[in-house]
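Quick notes on the structure that follows.
The values are calculated or read from the model by the stated rules, or taken from the named source; none is laboratory data. Quick caveat: nothing in here was measured; it's all calculated off a predicted structure. Keep in mind that these areas ignore ligands, DNA and RNA; they rest on the heavy atoms of the full protein, side chains included. Shrake-Rupley method; radii C 1.70, N 1.55, O 1.52, S 1.80 Å.
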Amino acid sequence: MGAKGWFILKLLMFQGLFISHSQEDFDFFYLVLQWPGAYCDTKRSCCYPTSGKPAADFGIHGLWPNYKDGSYPSNCDPDSEFDKSQITDLVSSLKKKWPTLACPSNEGFKFWEHEWEKHGTCSQSVMDQHDYFDNSLKLRDKANLLQILTNSGIKPDDGFYDLIKIRNAIKDAIGFTPGIECNKDPERNDQLHQIYICVDTSGTEFIECPVLPRGRCPSQLQFAKF
Ligand code: 5GP
Ligand code: 5GP
């Protein structure tokens, strides 16, 4: 091979290297939103964050990179520690929209740190820590789940609602079928616990889910008061 050939070969190899590094190492995200009433019922008790009882609205659980076969990466980079100073502009929104309900009461940084370390570190090829939290907040606002459900007469009043109606209300509003996850409260009522919405690899647009989580929901479920 002549000098020109080698040069082109090296160029191609370098490009291959570059592409493989800039490519995402996951297929999509789940935006997972939790209903606080269900979390608190399941745990019998929960602890409100130090800022007080959160609004009766869906809060963020996490933005989780996932593979389309249903498996997922986790804890991808122990060197990328959670750094509060990168999200100072987001803290007041995080407290409202990503509240922690775990005990003992705390401000929320532990929950955010856990989600960053377990899930966020696996999406660093597309977003840094600030954008991981910023994108999650924007996606939650875009989904506007409580409004969608309320508009369809589905309210957090301890009433029982058809799984199909809940799913369709969300599908009609956002354009894509959500995953719906239930839990049982101590009286063994099946409750609406979490809603999964799929997001593209840029972390900004909703997409049809390549794979839905198994939700353990019966045909009718309780929308717990909070
Ligand atoms: P659980 O066993 O309560 O459903 O899930 C425990 C934790 O495992 C979740 O909070 C989440 O961090 C992780 N996890 C469970 N299912 C999934 C999934 O389908 N995708 C991803 N990315 N993480 C999951
Ligand atoms: P995952 O289930 O995402 O792996 O982990 C959730 C972790 O965050 C658990 O260790 C849990 O105690 C903690 N955590 C703190 N606040 C909350 C909350 O409001 N909801 C959930 N699901 N977990 C929380």
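Dividing the convex hull volume of the alpha carbon atoms of segment 54-187 by its residue count, what do you get in Å³ per residue? It would help to have the intermediate numbers written out before the result.
On the way: hull volume 20.0 nm³, N = 134.
Spelled out: Cα convex hull of segment 54-187, divided by residues, is 150 Å³.
Rg to Rh ratio, the chain, alpha-carbon atoms and Kirkwood radius?
1.07
When the inverse distances between all different Cα atoms of segment 173-226 are averaged and flipped, the Kirkwood radius reads 12.5 angstrom. Would you list which lysines come within 21 Å of residue 84, measuring only between C-alpha atoms, while excluding same-chain residues fewer than 8 positions from it? By straight Cα distance, residue 84 reaches 95, 96, 97, 110, 118, 138. Residues considered: 199, 126, 32. Largest GNM mean-square fluctuation over the chain, using C-alpha springs under 10 Å, is found at 126. Distance from the Cα centroid of segment 182-222 to that of segment 45-109 is 18 Å (rounded to whole angstrom).
Per residue, segment 37-98 exposes 56 Å² of accessible surface when a 1.4 Å probe is rolled over the protein heavy atoms with every protein chain present. By the rule of a C-alpha distance below 19 Å, with chain neighbours fewer than 8 residues away ignored, the aspartates and glutamates paired with residue 53 are 41, 107, 157, 158. Ligands, DNA and RNA left out, the accessible area of segment 93-167 computed with a 1.4 Å probe is 49% carbon and sulfur.
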